[in-house]
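What follows draws every value from the coordinates through simple rules; no lab data is involved. Since the structure is predicted, the reported quantities are computational estimates derived from the model, not experimental observations. So basically every Cβ, Gly included, is an ideal-geometry build from the backbone, and we count neighbours across all protein chains shown.
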Amino acid sequence: MSELSVRNLIGIKDLKASDLNLIFETTNRFLEVLNRPIKKVPTLRDITIANLFFENSTRTKLSFELAQKRLSADVINFSSSVSSIKKGESLIDTINNIISMKVDMIVVRHPSEGVASMISKKVKSIIINAGDGSNEHPTQAILDTYTIQQKFGNISGKKIAIIGDILHSRVALSNIYALKKLGAEVCVCGPTTLIPKYIKSLGVTVETNLKKALLWCDVANVLRVQFERMKSSYFPSNREYSKYFGITKKILDDLGKDITIMHPGPINRGVELSSEVVESDYSVILDQVENGVAVRMAIMYLLASKL
């Protein structure tokens, strides 16, 4: 059987195109499992997985936990808000205490860039990065690219616009890496204040006109504005942002072409997307959510072979 080229999933930049394709093939099998009356398989029985979330999360945390339970793993859930971190315990001491409980795999989300990589160098457990600051969110990018392949049959040659807060988004960076590895053309679109200066070095184009970006692309992956990561104001108001970069159903209808709308969530309805768009035939947002469980099952199954 084919194997992943990595032992840990720290970032998409560490993966090969063959790794992504292997995850997609494995995801296909787990989607079949999830559509059966009995959705549980004994694949990771006797494997213990710790979910360490030092930052708020709903979809990612629930998706990982459900994927782990569908694989019959033993699950430990850790939340920094109710842990000894609040008493001054260091991150490394917290990790070491969890490792001493004989944990095989750790899923970690942290507000600081590089934490997943640092942990992977200090412990023997397999590490999966569930988001580190504004750096990477690899499992989200994998489920996003999988959803595009599911819709079109192939990613190579497709035109993908990533629209919104590119500067603060780990989803944007991971998606760019994944899409470029799989042969897609990528454009980023948003206010100039929310587009990092280095972005063109990743082989993407930059567009500041929303309509031009939508006319160009096959798929628009729309990102929310990451207010919690902003240390200053990057645009005058939500109303101003929505006026120039908010997507409504009328805007999409007026394009006169087929377009697919994605969003990693959570959605600021009425800011980047209207509710009508979220619930329209243009949207594959709920497909992304459904695919998230199967993708994470595939990733943990493939990484478990490295134990």
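What the table shows:
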quantity: Dipole axis of the chain (+1 Lys, Arg; -1 Asp, Glu on Cβ), positive-most option in SER169, SER242, ALA220; calculated: SER169
quantity: For the stretch 138-288: relative contact order, % (alpha-carbon pairs under 8 angstrom, 6 or more apart); calculated: 24
quantity: Cα-based reach from LYS306 at 13 Å (exclusive), listing aspartates and glutamates while leaving out same-chain residues under 8 positions away; calculated: GLU3, ASP104
quantity: Label-point separation, ILE76 to ARG269 (7 Å along Cα→Cβ), nm; calculated: 3.9
quantity: Ranked list, fewest to most other Cβ atoms within 10 Å of each Cβ, for ILE38, ILE106, ILE92; calculated: ILE38, ILE92, ILE106
quantity: In Å, descending, principal axis extents of the Cα set of the stretch 164-307; calculated: 51, 34, 29
quantity: For the stretch 288-298, 3J(HN,Hα) per residue [Karplus equation, 6.51 cos²θ - 1.76 cosθ + 1.60, θ = phi - 60°, Hz, x = Gly/Pro]; calculated: 4, 4, 4, 5, x, 5, 5, 4, 6, 4, 4
quantity: Sorted by Cβ density within 10 Å, fewest first, the residues MET118, MET101, MET297, MET262; calculated: MET101, MET118, MET262, MET297
quantity: Under Karplus coefficients 6.51, -1.76 and 1.60, residue-wise ³J(HN,Hα) of the stretch 114-119 in Hz, glycine/proline x; calculated: x, 5, 4, 5, 4, 4
quantity: Cβ-placed point charges (K, R +1; D, E -1), dipole of the stretch 138-288 about Cα centre in debye, nearest 20; calculated: 500
quantity: Cross-link reach list, lysines versus LYS197, counting only Cα pairs under 28 Å and skipping chain neighbours closer than eight places; calculated: LYS13, LYS16, LYS158, LYS159, LYS180, LYS181, LYS211, LYS212, LYS231, LYS243
quantity: Principal axis box of the stretch 85-173, alpha-carbon based, largest edge first, Å; calculated: 48, 27, 19
quantity: Amide H contacts of THR208 (H built 1.01 Å from N, under 5 Å, at least 5 apart or other chain); calculated: none
quantity: Inter-centroid distance (Cα atoms) of the stretch 116-193 relative to the stretch 269-307, Å; calculated: 13
quantity: About the Cα centre, charge dipole magnitude for the chain (Lys/Arg +1, Asp/Glu -1 at Cβ), debye; calculated: 400
quantity: Compactness of the chain - radius of gyration and Dmax, Cα, Å; calculated: 19.3, 59
quantity: Percentage relative contact order, the chain, counting C-alpha pairs under 8 Å, at least six apart; calculated: 20
quantity: Per-residue ³J(HN,Hα) for the stretch 154-170, Karplus 6.51 cos²θ - 1.76 cosθ + 1.60, θ = phi - 60°, Hz, x for Gly and Pro; calculated: 7, 9, 4, x, 6, 9, 10, 9, 9, 10, x, 7, 6, 4, 9, 9, 6
